[in-house]
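Enquirer: Below you will find the structure I want to go over with you.
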Amino acid sequence: MADVSYKLVQPEKVVKQGNAWGVVLPTGEINLTVIAGQAPSIVKFDSGLVKILDEDGKVCERYFVKAGIASIVSDTCVIASETVWNKAKLKFEDMVEQAKNDAFCEMIVEKWAAD
């Protein structure tokens, strides 16, 4: 199965890069799944959950992102966002507490509960 090379970046650093079967971007009500062989494009995505898919098409990693831009060219997807947080490194209870004063954390709590 062909892979997509992906890179999650913030203005000051590369958060994660690697290869995956696919990458799911939060693009509104219907998410966009980037797979090998996809036509080149630049996509604006919403704040939400970026999902990295393994060779079986199952989610193996999740990242909360603020809205941003993704560039898809030649089986490579570069996802640029002001904020990228690895879901595995967050605690739900902490996000609930922070959600009281932060709209981004409030979105995380909502997405987490729905995921």
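The values are calculated or read from the model by the stated rules, or taken from the named source; none is laboratory data. Model, not experiment: these values are computed from the prediction. Using ideal geometry, Cβ is built from the backbone for each residue, glycine included, and neighbour counts are taken over all protein chains shown.
Enquirer: Answer yes if at least one residue in segment 64-80 is in contact with a Leu (Cβ under 8 Å, 6 or more places away or on another chain), of a type in the set (Phe, Trp, Tyr) and at pLDDT 95 or above, and no otherwise.
Expert: yes
Enquirer: Also: Between a residue in segment 13-27 that is of a type in the set (D, E, K, R) and crowded, with 17+ Cβ neighbours inside 10 Å and any residue that is modelled with pLDDT of 95 or more and part of a strand (DSSP E or B), which pairs come within a Cβ distance under 8 Å, given they are 6 or more apart or on different chains?
Expert: Sorted first by the residue in segment 13-27, then by its partner, the list stays empty.
Enquirer: Select the strands (runs of 3 or more DSSP E) contained entirely in segment 1-101, then report the ones holding at least 2 residues which are closer than 16 Å to Lys111 by Cβ and either in contact with an Asp or Glu (Cβ under 7 Å, 6 or more places away or on another chain) or not small (Gly, Ala, Ser) (or both).
Expert: Per the criteria, 22-25, 48-53, 59-65, 84-86.
Enquirer: Could you say which residue among Ala88, Ala36, Ala113 is small (Gly, Ala, Ser), surrounded by 13 or more Cβ atoms within 10 Å (Cβ to Cβ) and either more than 22 Å from Glu12 (Cβ to Cβ) or in contact with a strand residue (DSSP E or B) (Cβ under 9 Å, 6 or more places away or on another chain) (or both)?
Expert: Going through Ala88, Ala36, Ala113 in turn, the sole match is Ala36.
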